Every structure is written in C-alpha cells, then in structure tokens.
Amino acid sequence: MSRFDFHITTPRLYLSYCDPTLDAHCDFFLELLHSAPSRKWHPNVLETIPDREAARKILAAGEERLIKTGYGRYLISLKPENEDESGKPFSEREFEHIGLVSMQVARIDGIPGPTIPDVGFNMMEKYHGKGYATEAVQELIKYYETKGIKEFAGLTHVTNEPSMKLFRRAGFKSWGTRTVKGIMWTGEDVEVNVWTCGIADGSKLEEFGL
C-alpha cells in the first residue's frame, strides 16, 4: 500500500498527504497560495513561489519533514456524496481539493521555535464560511491526540479575524499578541496572536517557547 493511501475521514472531508510527484497537487498548492486571501497575509508569495516547480520543491521538503517528524501539511478534499470507487486505492481516486490544514513543530532546522505543535489552515475562498476549516482543524487535533499529543497552539496574524474566529469556535484560549521565534522561514521573529488548547491551568507560554 502506498503511503499516500493514508487518510483521515471527517463527516464531510478527507485529510490526506500531499504528493509532490503529482502535478495536480502541486498546481492546487500553487493556486491556493496565489489566491487573494493568501496574498493578503503573504504579499510576497508570487515572487517566492512563482510556479509549479517552486511549489513542488516546498511540498517535497514538507513530505520529507512529515516522514521524519510526523508533523506537516494535509490536503483537504471534499468527500463525494455518492462515492463508489469499487475498491480503488485512495491515492488513485479523484477528489475536489479545497484547502490545506497543517500541524507544525520545530519548523526550521537550527532555529529554536515553539515546542508545542501549532495547527494552521488555508482554504480556497469559495469554500469560506462553510465550516470546513473548523472541521479539518478539529479532526486533525483528534488524530494527533491519538498519538499522545495533548497540547496545541494556533498562531495568527494580528489582524486575521477570520482565523481568530475559527480558534474561538474550536475552543482555543487567546493569549493576545506575542513575538515568536522560529516560525518564519526567513528566521526573523514575528508578532502573532497566540491561541492554545489543552494547556493546564497555571502553565506559562514560556514553557512552550512562546
């Protein structure tokens, strides 16, 4: 069985590994990054990830890290209403991809960062407002809980209210704005809104590198 047959099933979605060898996955990733909502928060993305091969390189690096650490990106796809694939392997089926959800920790080799995994998401604009991102985030957290992980963070741009609303719906606690190291590939510190779930009362964010 291919490792790309692995998937997490939610009521309306599949969460699965991105396959950097598939042009369709690379093209979707590129389209998502170049979409207007993504460009709002990452204005330089057209220059830093201009084409399919640049997208493939990022997905390949992410796949390598996922194999090595167990943390990484997952492709979000809609579950077909009437699915009949007659035993065809999951990796060979065709789905409508709608976004990405991720669980990240120790993102950048050699640069200390948060020791608590943080969940992130990015959805194609036409699927906003349908609860898909919340569903994907909650189910990915449940999956990592089965691996023994109990504490999670969410890091958002300080003005990204839609992301903050999602974390509120998902039961995360807001800690306000903090300067966090080790989450930007450039190595620079960045101000973000910090959200967490599962952290025991009395704990301090500094214990988790936040």
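The values are calculated or read from the model by the stated rules, or taken from the named source; none is laboratory data. As the structure is a prediction and not an experimental result, all values here were calculated from the model. Neighbour counts run over all protein chains shown; Cβ positions are idealised from the backbone, glycine included.
In region 132-183, how many residues are hydrophobic (A, V, I, L, M, F, W, C), within 23 Å of Ile108 (Cα to Cα) and free of Cβ contacts under 8 Å to residues at least 60 places away in the same chain?
Within region 132-183, residues that are hydrophobic (A, V, I, L, M, F, W, C), within 23 Å of Ile108 (Cα to Cα) and free of Cβ contacts under 8 Å to residues at least 60 places away in the same chain number 7.
Could you list, in sequence order, the residues of region 25-43 that are part of a helix (DSSP H, G or I) and either closer than 22 Å to Val105 by Cα or at pLDDT 95 or above (or both)?
Within region 25-43, His25, Cys26, Asp27, Phe28, Phe29, Leu30, Glu31, Leu32, Leu33, His34, Ser38, Trp41 meet the criteria.
Residues being in contact with a Lys or Arg (Cβ under 6 Å, 6 or more places away or on another chain) and at pLDDT 90 or above: count how many of those fall in region 186-207.
Residues meeting the conditions: 3.
For region 79-110, how many residues are surrounded by fewer than 16 Cβ atoms within 10 Å (Cβ to Cβ), closer than 28 Å to Pro37 by Cα, touching a residue at least 40 places away in the same chain (Cβ under 8 Å) and not charged (D, E, K, R)?
Within region 79-110, residues that are surrounded by fewer than 16 Cβ atoms within 10 Å (Cβ to Cβ), closer than 28 Å to Pro37 by Cα, touching a residue at least 40 places away in the same chain (Cβ under 8 Å) and not charged (D, E, K, R) number 1.
Considering every residue within region 101-117, establish whether at least one is closer than 22 Å to Asp189 by Cα and among the hydroxyl-bearing types (Ser, Thr, Tyr). Spell out how you get there, then give the answer.
Taking region 101-117 first, the residues closer than 22 Å to Asp189 by Cα are 102-117.
Pick out the ones that are also among the hydroxyl-bearing types (Ser, Thr, Tyr) and you get 102, 115.
Within region 101-117, one or more residues are closer than 22 Å to Asp189 by Cα and among the hydroxyl-bearing types (Ser, Thr, Tyr).
Checking Arg65 against (1) in contact with a helix residue (DSSP H, G or I) (Cβ under 9 Å, 6 or more places away or on another chain); (2) of a type outside the set (Val, Ile, Thr); (3) at negative phi; (4) surrounded by 13 or more Cβ atoms within 10 Å (Cβ to Cβ), which test does it fail?
Among (1) in contact with a helix residue (DSSP H, G or I) (Cβ under 9 Å, 6 or more places away or on another chain); (2) of a type outside the set (Val, Ile, Thr); (3) at negative phi; (4) surrounded by 13 or more Cβ atoms within 10 Å (Cβ to Cβ), the lone unmet condition for Arg65 is (1).
Condition first: touching a residue at least 60 places away in the same chain (Cβ under 8 Å) and either surrounded by 14 or more Cβ atoms within 10 Å (Cβ to Cβ) or in contact with a strand residue (DSSP E or B) (Cβ under 7 Å, 6 or more places away or on another chain) (or both). Now tell me which residues in region 185-198 satisfy that. I'd like the intermediate steps shown before the answer.
Of the residues in region 185-198, the ones touching a residue at least 60 places away in the same chain (Cβ under 8 Å) are 185, 187, 196.
Within region 185-198, Thr196 is the sole residue that qualifies.
Here are Leu22, Leu46: which of them is under 17 Å from Arg73 (Cβ atoms) and either at pLDDT 95 or above or among the hydrophobic types (A, V, I, L, M, F, W, C) (or both)? Lay out the reasoning, then the answer.
Details: Leu46 fails: under 17 Å from Arg73 (Cβ atoms).
Within the list Leu22, Leu46, the selection yields Leu22.
If I filter region 169-210 down to residues being among the polar types (S, T, N, Q) and not in a loop (DSSP other than H, G, I, E, B), which single residue comes out as nearest to Ala153 (Cα to Cα)?
Filtering first and then ranking leaves Thr196.
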